[in-house]
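Structure first, then comments.
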Amino acid sequence: AVYVVGDAEELPADVLAEAPFDAVVVDSLLCRLRQPLNLVKALPQLVQVGGALVISSSNDWCPAHTPRNSWMGGFCMNGEQMSTLYVLTHNLKKTFSPQSKPEDLPRCSQ
């Protein structure tokens, strides 16, 4: 197995050259990026067909990390609450299909 770590906002050429991957894990990262949608839009080229994409997020959007106009959830649009799950599903549904029902788990801290 090959493990690759890179800057999620500016994936280095050597990381992109290794793509597509069998699995990509985005763990507690989205709400810490300046432009999280850029990463989400890159995911289809990073995960091979039949591969696994795992995304987990605390969804604690904060303007100190992500400008408010780049939040992927935690806001209202046309009077409706937009969740991170909804925004992710909307942006990934053409390429990925869920293998299990997404879960909203309680936040645990140590």
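The values are calculated or read from the model by the stated rules, or taken from the named source; none is laboratory data. Everything numeric in this text was worked out from a predicted model, so none of it was measured. Note that each Cβ is placed from the backbone with ideal geometry, even for glycine, and that neighbours are counted across all protein chains shown. For the accessible areas, the whole protein counts, side chains as well, though only heavy atoms, and no ligand, DNA or RNA atoms are used. Shrake-Rupley method; radii C 1.70, N 1.55, O 1.52, S 1.80 Å.
Would a scan of region 26-46 turn up a residue that is under 14 Å from the mean Cα position of the chain (by Cα) and of a type in the set (Val, Ile, Thr)? First the steps, then the outcome.
Within region 26-46, the subset under 14 Å from the mean Cα position of the chain (by Cα) is 26-46.
Among the residues that remain, those that are also of a type in the set (Val, Ile, Thr) are: 26, 40.
Yes, region 26-46 contains at least one residue that is under 14 Å from the mean Cα position of the chain (by Cα) and of a type in the set (Val, Ile, Thr).
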request  = Show the residue pairs that are 6+ apart or on different chains and have beta-carbon atoms under 8 Å apart, the first residue being within region 42-65 and among the charged types (D, E, K, R), the second being open to solvent by less than 40 Å² (accessible area, probe 1.4 Å) and at pLDDT 90 or above.
outcome  = Asp60/Cys31
query = What are the residue pairs meeting all of these: first residue in region 10-38, first residue free of Cβ contacts under 8 Å to residues at least 40 places away in the same chain, second residue surrounded by fewer than 17 Cβ atoms within 10 Å (Cβ to Cβ) and assigned to a strand (DSSP E or B), Cβ atoms under 6 Å, and 6 or more apart or on different chains?
reply = Pro20/Gln48; Asp22/Gly51; Ala23/Gly51; Ala23/Ala52; Val25/Val54; Asp27/Ser56
remark   = Note on region 7-26: residues modelled with pLDDT under 90 and among the charged types (D, E, K, R) are Asp7, Glu9, Glu10, Asp14, Glu18
